[in-house]
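Below you'll find the structure, written out as structure tokens, and then a few comments.
The values are calculated or read from the model by the stated rules, or taken from the named source; none is laboratory data. The structure displayed is predicted, hence computed values, not measured ones. Cβ atoms come from the backbone with ideal geometry, glycine included; neighbour counts cover every protein chain shown. Note: areas computed on protein heavy atoms with side chains; ligands, DNA, RNA excluded. Shrake-Rupley method; radii C 1.70, N 1.55, O 1.52, S 1.80 Å.
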Amino acid sequence: MTMSGLYLHIPFCLRKCPYCDFFSVPHRGTAVSDYVQSLAVDLQQSKKDWSGPISTLFFGGGTPSLLAPDDVARLLDLIDREYRFADDAEISLEANPGTLDLQKLAGYRAAGINRISIGLQSLDDNRLKLLGRLHDVETGLKGVHDARTAGFDNVSCDLMFAVPGQTPADLAADLDRLLDLQPEHIAVYGLTIEAGTSFAERQANGELTLPEEDEYVAAYRLLHERLSTAGYDHYEVSNFARTGKRCRHNQRYWQRLSVLGVGAGAHTFCADGWGSRWAIPNDLENYRAELQAGCNPARLIEKFDRQGAMIETLYLGLRTADGVDDVLFAKRFGCCVEEAFAQAVKRCRPQLQKIDGHWRFDLDGWLLFDTLILNFF
Ligand code: SF4
């Protein structure tokens, strides 16, 4: 199978953020560098089934910035040797500002990382404390400045909104400070309460109240307006980019293109046939043992039929400003969107429209995405 997208999962964090339900374990001793050995074995074994060249690579987590630059360099050398990078490959690494310094960033850049995604989350110390983050505002700003000094010209910043107690003026102040940094890319996330997290417990005890729906909507509109006015293209529900700086790796997911996921907790999408999804269980010990035994640690979790593939094409494509190209859809599935989903299309109007041959949600459609998309299932 050919894939030109590769994802490496780094499931370690210095400590757990109280709202997070991603798979990650506390980093202790040499856990991360030991894990790099497993990744290397996984990458070598995966070569039996997958081939490059690789045009996008993403180190996600967890906290990939716990990796030593030397380990990153070793992994990139191995990937280039085994799969080969395309000349213009996008190579991203997610970083937690609480784990960065100039030397590490310079090491990443020298190793070949050319896009860094920094989890600022907020530019207000009280909210960073509430979110249980490792860093304060000064450290976050320093992380971005150090990334520039280290030579990164493609910097993404994450920002959270709909945080308890956050007023529209607070969000506007966060945006002012964020825009001063002139990141090439911005990802925004509304805080949600996930089962099993410490925030879920605090919410159940009445100690934490999320903003009302109308406040969430107002915050999302504020983000859209401010960032669009500042020249960012709102190219996906949660993502904004300067021209030419969309995240090419994430675009592969929304376009249902193959991405090989390596590492405990990683997911793979294989586009062959109608598509299939695979996952490596969230179990570090098992991951290491299976690799040592020469087994493939990935499990098949979903094999799509034509109907499932059509639905997922819409589910993912309608998250993006490009939407779903009706001609390509018809070429792939033998019918256009309206033939396959006449009722759903009708129910999603007026937020869903076909413009220049592409089905697209407007901003209201994105705000109602979770409800509207159910019409297609
Ligand atoms: S650093 Fe990221 S992955 Fe780790 S616990 Fe916090 S939010 Fe989750």
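Taking 0.36 nm per residue of sequence separation and removing the Cα-Cα distance, the K303/L14 pair yields an extension gain of 100.5 nm. A 1.4 Å probe run over region 306-376, with the rest of the protein chains in place, finds 49 Å² accessible per residue. Along its three principal directions, the equivalent ellipsoid of the chain from the Cα gyration tensor extends over semi-axes of 30, 29, 20 Å, largest first.
A probe of 1.4 angstrom, applied to the heavy atoms of all protein chains, finds H358 with accessible area near 50 square angstrom. Based on the Stokes-Einstein relation at 25 °C and a viscosity of 0.890 mPa s, and on the Kirkwood radius from alpha carbon pairs, region 279-339 is assigned a translational diffusion coefficient of 171 µm²/s. Each stretch of four or more DSSP H residues adds -39500 (n - 2.57); spread over every residue of the chain, this sum gives -11500 deg cm²/dmol at 222 nm. Here's how it looks for S122: its modeled amide H is under 5 Å from those of M160, which are all 5 or more places away or on a different chain. With N counted as the residues of region 189-275, its alpha-carbon radius of gyration over 2.2 N^0.38 Å works out to 1.48. A cut-off of 5 Å between modelled amide H atoms, ignoring neighbours fewer than 5 places along the same chain, links G61 with I10.
With semi-axes defined as the square roots of five times the eigenvalues of the C-alpha gyration tensor, the equivalent ellipsoid of region 142-236 measures 28, 17, 11 Å, largest first. Taking all pairs of different Cα atoms in region 306-376, averaging 1/r and flipping that mean, what Kirkwood radius in angstroms comes out? Here the Kirkwood hydrodynamic radius works out to 11.8 Å.
Probe radius 1.4 Å, ligands and nucleic acids ignored: give me the carbon and sulfur share of the accessible area of region 306-376 as a rounded percent.
Numbers: 1820 of 3470 Å².
Exposed carbon and sulfur together represent 52 percent of the surface.
Distance from the alpha carbon centroid of region 170-230 to that of region 1-70 works out to 27 angstrom. Figure note: C13, C247 ranked by solvent-accessible area, largest first, 1.4 Å probe, ligands and nucleic acids not counted: C13, C247. Cβ distances below 4.7 Å define possible disulfide partners, and in the chain the cysteines left without one are C13, C157, C247, C270, C295, C335, C336, C348.
List the residues of region 306-348 whose backbone N lies under 19 Å from a point placed 7 Å from the Cα of D356 along the Cα-to-Cβ direction. In region 306-348, the label zone of D356 (backbone N under 19 Å from the point 7 Å along Cα→Cβ) covers 317-330.
Distances between placed amide hydrogens fall under 5 Å for S117 paired with L93, E94, A95, S156, all partners being 5 or more residues away or on another chain. Equivalent-ellipsoid semi-axes for region 43-159 (Cα gyration tensor, √(5λ), whole Å, largest first): 29, 14, 12.
State the percentage of accessible surface on region 5-253 attributable to carbon and sulfur atoms; use a 1.4 Å probe and exclude ligands, DNA and RNA.
Details: 5020 of 10480 Å².
Carbon plus sulfur share of accessible area: 48 percent.
Protein-only accessible surface at a 1.4 angstrom probe places the residues L93, L316, L374 in the order L374, L316, L93, largest first.
For region 1-89, the alpha-carbon radius of gyration amounts to 1.15 times the rule-of-thumb value 2.2 N^0.38 Å expected for a compact globular protein.
Pair-distance distribution of region 259-377: all C-alpha pairs, bin width 5 Å, starting at 0; shares per bin in whole percent are 2, 11, 18, 18, 14, 12, 9, 7, 5, 3, 1, 0.
Using C-alpha pairs below 8 Å separated by at least 6 residues, the relative contact order for the chain is 15 percent.
Looking at this model, which pairs from K104/K245; K16/K104; K303/K354 are more than 26 angstrom apart at the alpha-carbon? Before the final figure, lay out the partial values.
Numbers: K104/K245 23 Å; K16/K104 22 Å; K303/K354 29 Å.
Violating the 26 Å limit, Cα to Cα: K303/K354.
Normalised per residue, the accessible area of region 10-52 is 49 Å², obtained with a 1.4 Å probe and no contribution from ligands, DNA or RNA. Heavy-atom accessible area with a 1.4 Å probe sorts S55, S198, largest first, into S198, S55.
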